[in-house]
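Structure first, commentary second.
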Amino acid sequence: MTLKELAVAIGAEVVGDGSIEIESVNTLDAAGPGEISFLANVRYNKQLETTGASAVIVAPNVRAGGIALLRHKNPYYAFSQAVVKLHGYRKQHQSGIHPRANIDPVATIGENTIVYPGVYVGPRTKIGRDCILYPNVVIYEDCIIGDRVIIHANASIGQDGYGFAPAKNAGGEVIHHKIPQIGNVVIEDDVEIGANATVDRAALGSTIIGKGSKLGDLVTVGHNARLGPGCLLVPQVGISGSTTLGHHVTMGGQSAVAGHLKIGNGVSIAGQAGVIEDAEDNTILIGAPAMPGSQARRVYAIFRNLPELVARVKKLEEGGSASAEAEPTAEA
């Protein structure tokens, strides 16, 4: 389609030649004629000068000479819509339930849901419509999956939560006795769960993944955890049991939250952060143990300079000792 047609389709403003033919999308450094790219991160601004793209989707305040632009208040989202318009939303899937999937007779699956080979769906589990279950997904008994849910390969939903009660036997040895996990998992509409992710069933009640949340690969959600709507959990995030996340919480890679905590709405947790306390709404948390971003930046600025600071303290201590020895006493 022409650049002007694409602009209309995604709600962007054309700057430059709207008659340019656009065939596909690509990255700034790899794009060529007939391709459109996007700029959503200022660190790539210089690539506007060198890109071979015919046009670039940018924020309203971005200026660039010699290249056509589509201005949009959210260039990353606009680019996703351009991908849909130029390439289609979904790749081609098989239809229906593959014969090598194992679906319990008393499980129910909604219309237009696609089930790949190797999938196991346990008794009394309910799966909504327009879902995609990729190969080897496992969904244990009694779980509830909403509409338009995507679960990627090898993810496991509803396995037992990690619950053990230590007690001494007659010989005084401590034995870890398994606590029966008799709850379930509820995954609400429009959730996407990455490959090899795991969501534990609740000991009692439900582990809940809120509507529109997106979980990356290798994410672990413990039993009785509750995620509000719109949460983003990047790969390798860990949520301990009985922790509650508010809506639109974002967690960077390899970050984790301890158990029985309450994380407020709109909280952002940096990669590799370790959260051990409740967090108020809209807090930014950095570090392990995690602390508010403004405090963490000061702490880590000092942390990076510790060798120099230690050396200065040693010099001051040495100077202080020498002065004390040289100072005459009152008796003298």
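Counting only strands (runs of 3 or more DSSP E) that fall entirely inside the stretch 181-295 and contain at least 1 residues that are assigned by TED's automatic domain parsing to the domain that holds His152 and in contact with a helix residue (DSSP H, G or I) (Cβ under 6 Å, 6 or more places away or on another chain), the qualifying elements are 284-286. Only a single criterion out of (1) farther than 30 Å from Val115 by Cα; (2) surrounded by fewer than 14 Cβ atoms within 10 Å (Cβ to Cβ); (3) among the polar types (S, T, N, Q) is not satisfied by Gln92, namely (1).
When Val58, Val42 are checked against the criterion of being more than 15 Å from Lys85 (Cβ to Cβ) and loosely packed, with under 14 Cβ neighbours inside 10 Å, a single residue qualifies: Val42.
Let's see how each residue does on (1) under 20 Å from Pro135 (Cβ atoms); (2) modelled with pLDDT under 95; (3) surrounded by fewer than 18 Cβ atoms within 10 Å (Cβ to Cβ):
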| position | (1), (2), (3) |
| --- | --- |
| Ile157 | yes, no, no |
| His176 | no, no, yes |
| Ile182 | no, no, yes |
| Val186 | no, no, no |
| Arg201 | no, no, no |
| Gly210 | no, no, no |
| Leu232 | no, no, yes |
| Ile239 | no, no, no |
| Gly246 | no, no, no |
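Take the residues in the stretch 39-57 that are of a type in the set (A, V, I, L, M) and over 16 Å from Ile22 (Cα atoms), then tell me which one is farthest from the chain's Cα centre (by Cα).
Top of the filtered list is Leu48.
Here Ala64 clears all of (1) in the same structural domain as Ile22 (by TED's automatic domain parsing); (2) of a type in the set (A, V, I, L, M); (3) buried (at least 19 other Cβ atoms within 10 Å of the Cβ) except the condition numbered (3).
Go through the stretch 140-171 and give me each residue that's aliphatic (A, V, I, L, M) and under 21 Å from the mean Cα position of the chain (by Cα).
Across the stretch 140-171, the qualifying residues are Ile145, Val149, Ile150, Ile151, Ala153, Ala155, Ile157.
Of all the residues in the stretch 27-39, those that are surrounded by fewer than 17 Cβ atoms within 10 Å (Cβ to Cβ) and either not aliphatic (A, V, I, L, M) or not in a loop (DSSP other than H, G, I, E, B) (or both) number 5. Against the criterion of being buried (at least 20 other Cβ atoms within 10 Å of the Cβ) and either outside the structural domain of Asn154 (by TED's automatic domain parsing) or in a strand (DSSP E or B) (or both), Ala53 qualifies.
The values are calculated or read from the model by the stated rules, or taken from the named source; none is laboratory data. Since this is a predicted model, take the numbers as computed values, not measurements. Here the Cβ is made from the backbone with ideal geometry for all residues, glycine too, and neighbour counts use every protein chain on show.
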